[in-house]
Amino acid sequence: MMRRLTFYLALALFGAVFAALKLAIQPPIPASVLMIYMVLTGIAILVFVGADEGRWAS
């Protein structure tokens, strides 16, 4: 159950970062910069989720 919750929280966080970068920053940022930010965000979320040893043990 906890793995599923973590997965959905990670997806929600990824979506929230995308929405914030796309809608909140004025003037709009170029697509290449948005792609760089989203790749870095994805890596950071994977590292954060993978850093918890309790999730690996279950």
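The values are calculated or read from the model by the stated rules, or taken from the named source; none is laboratory data. Note that the structure is predicted; figures quoted are calculated from it, not measured. Here Cβ is always computed from backbone atoms with ideal geometry, including for glycine, and neighbour counts include all displayed protein chains.
Summary of computed values
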| read-out | value |
| --- | --- |
| Ile29, sole failed condition from (1) surrounded by 11 or more Cβ atoms within 10 Å (Cβ to Cβ); (2) within 12 Å of the chain's Cα centre (by Cα); (3) not aromatic (Phe, Trp, Tyr) | (2) |
| All positions within the stretch 25-52 that are more than 21 Å from Tyr8 (Cβ to Cβ) and of a type outside the set (A, V, I, L, M, F, W, C) | Gln26, Pro27, Pro28, Pro30, Ser32, Tyr37 |
| Some residue of the stretch 35-44 being at pLDDT below 95 and in contact with a Phe, Trp or Tyr (Cβ under 9 Å, 6 or more places away or on another chain) | no |
